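Each remark here refers to the structure printed beneath this line.
Just so it is clear, none of the values below were taken in a lab; they were calculated from the coordinates. This one's a predicted model, so the numbers in the text were calculated from it and none came from an experiment. We place every Cβ from the backbone using ideal geometry, glycine too, and count neighbours over all the protein chains shown.
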Amino acid sequence: MGPHIEIADYRETLLFLVTAGVVVPLFRRLRISPVLGFIAAGLFLGPYGLGRFAHLHPWIAAISLSDIEGLAKVSELGVTFLLFMIGLELSFERLSRMRKLVFGLGALQVFVSAIAIALAAFWFGQSAPASAIIGGALALSSTAIVVPVLAERRRMNTGAGRATFSILLFQDLMVAPFLFMVAMLDPRAHANVGLGLISAILPAMLALGVIVGLGRLILRPLFRHVAAARSTEFFMAACLLVVLGTGVATALGGLSMSLGAFIAGLLLAETEFRREIEVTIEPFKGLLLGLFFVSIGAGLDLSYVFNRPVETLGLALVLIAGKAALLFGIGRMVGLSTPVARETALLIGPGGEFAFVMVGAAVAEGAIAAVTGSQVMLAVTLSMVAIPVVAAIAFKLAPPRVEPKIDNEGLAPADEAAGRIIIVGYGRVGRLVGDMLFRHKISYIAVDDDVKLVQREREQDKDKKIYWGDATRPDFLTKCGIATARGIVVTMDAPKAVEEVIQVAHKARADLTIVARARDATHATHLYEIGATDAVPETIEASLQLAEAVLVDIGVPMGLVIASIHDKRDEYRALLQPKNDGARQRRAIRMSTRVKAMGRPARTEKSE
């Protein structure tokens, strides 16, 4: 007899997987933000949705969410993974170029908003400590929702995207000081403020120092060791260890877990493992962020909203409008254009997830009344739910790709493969292809699954764009930028792997130029059939080079030899791909251009 299973132990997990597998794809097909899908599912399945009727029928209890606190604790990891992925898209050098936006625009937004909201709370009768905490909490915005919305619309590298992320990053840096402020404003606290400040800051600085110092020393060797094992499972375990380990380290120092993961991402951004790590972490990030949005929806009590619409909806609208108005003015003051300042202001206007942490801690310590805390957290929840709608309005008003006047503050690198060649396999053949591309001033990025080869090439030239990873995976080629690449050259010596890469690349982009290394004529024919633009058989090419050498050595003029070799190569191509009319036309154009350059009339291929 098998072990007894309690369905309640797995209820939340199963309901979330149903949401991720059924509800969200439906929202995608309807062209509605998946964020709204997760929030709607949480609202419907949560204690204020179906959960209200759980006592009536057992089957309702079985399909409703009940352990919201446990769900929220796990869902917070979604923000941690999100910040890690953002760190991978940056580097310390690029981050330093953003310092004016982070510590200028970001600092102004946080402090001006916090002071204005605190004064408003004090005006409406809150105590000075409660007003200060409410001001700090509501000045923060939602990284977990805003960044995915920007990424979904591909606006992270716009002027508004850079400004928005810079503000969110500074807000994340301010979480620890704000939480310290909550502790210091506790009416029961009598400790020396100066000593308390030092005891709060020192562990945080120590944690950051340990992460940066040890990270620079051990992260690259760790991933080289794991990559050498050629195990997807071990590599995945190493990625999860880095994200969670750095997050826990900063949490122990009094900072947010997401900040530690962000720094770990920065440290790995310039390594050869960056692309493979992105591919490995992406599914975890997506699922955990979805769980975060479900927990947000599950905590929304619409009945309270209907009973007190002025106190709830009114406060949420005032929060969004007030913060947006302040930030718009600040943005224009620091030099952002009107469209960029407007879009940034609308995205930053709603509240954020860290407000729950601050207000919850303040209520627990008696600094804020429980009723006031509930009202504030409900208003924040409503404003966060409204982010996809507010963002849609902001994007609708914004001209395409508007850049700020401060346009040297790049958030992330431009797509590395844009206009470049991707070389898959960087052994002797791939390296020679790379050398020839470099000689003709054509930029490229290279990929290889031999970690020692990648390490050696990086050590010889630190500026060389070569990454370790498995190019047979569609998501890996996507991360390498195949969507904007100029072409791809497949030079691996494993025929099966060459075929898989060609199939993946051709499926991703049917118009992409794909040049591949073939074992022999039969293999080349197959490569043409599955999507290769050109396939170069090793045996035929070696024969042609031998023929060229002997003709030149016995005194035949070089121009005639080169022309005849090209003609023979084109004849072989015609035999290998007899039905590829498009390739035949391109080949005829190339031949005509070459022959005209040599002063001979062009030979026209007969059509079949």
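If you take all other residues with their beta carbon under 11 Å from the beta carbon of residue 424, and give Lys and Arg +1 and Asp and Glu -1, the sum is -3. Inter-label distance, residue 216 to residue 462: 1.1 nm, where each label sits 7 Å from its Cα along the C-beta direction.
Above 14 Å lies some portion of the pair distances; for region 288-333, what is it as a whole percent of all C-alpha pairs? Above the 14 Å cut-off, region 288-333 has 66 percent of its Cα pairs.
Distance from the Cα centre of region 138-171 to that of region 265-305, in angstrom? Comparing the Cα centres of region 138-171 and region 265-305, I get a distance of 14 Å. Taking packing as the residue-averaged number of other Cβ atoms within 10 angstrom, the listed peptides 340-347, 19-26, 113-120 run from highest to lowest as 340-347, 113-120, 19-26. Quick one: net charge of residue 325's neighbours, Cβ under 13 Å, K/R +1, D/E -1? That sum, taken over residues with Cβ under 13 Å, equals +3. Counted by Cβ distance under 10 Å from residue 539, the other residues give a net charge of -2, where Lys and Arg count +1 and Asp and Glu count -1. Here's the picture: charge each Lys and Arg Cβ at +1 and each Asp and Glu Cβ at -1 in region 67-397, and of 117, 137, 395 the one pushed furthest to the positive end of that dipole is 395. Dipole magnitude for region 421-598: computed about the Cα centre from +1 point charges on Lys and Arg Cβ and -1 point charges on Asp and Glu Cβ, it is near 580 debye.
Packing, taken as the mean count of other beta carbons within 10 Å per residue, orders the peptides 40-46, 504-510 from highest to lowest as 40-46, 504-510. Comparing Cα centroids, region 460-479 and region 541-575 end up 35 angstrom apart.
Label-to-label distance, residue 547 versus residue 26, with points set 7 angstrom from Cα along the beta-carbon direction: 6.4 nm.
Fully extending the segment from residue 56 to residue 230 would add 57.3 nm, taking 0.36 nm per residue of separation and subtracting the current Cα-Cα distance.
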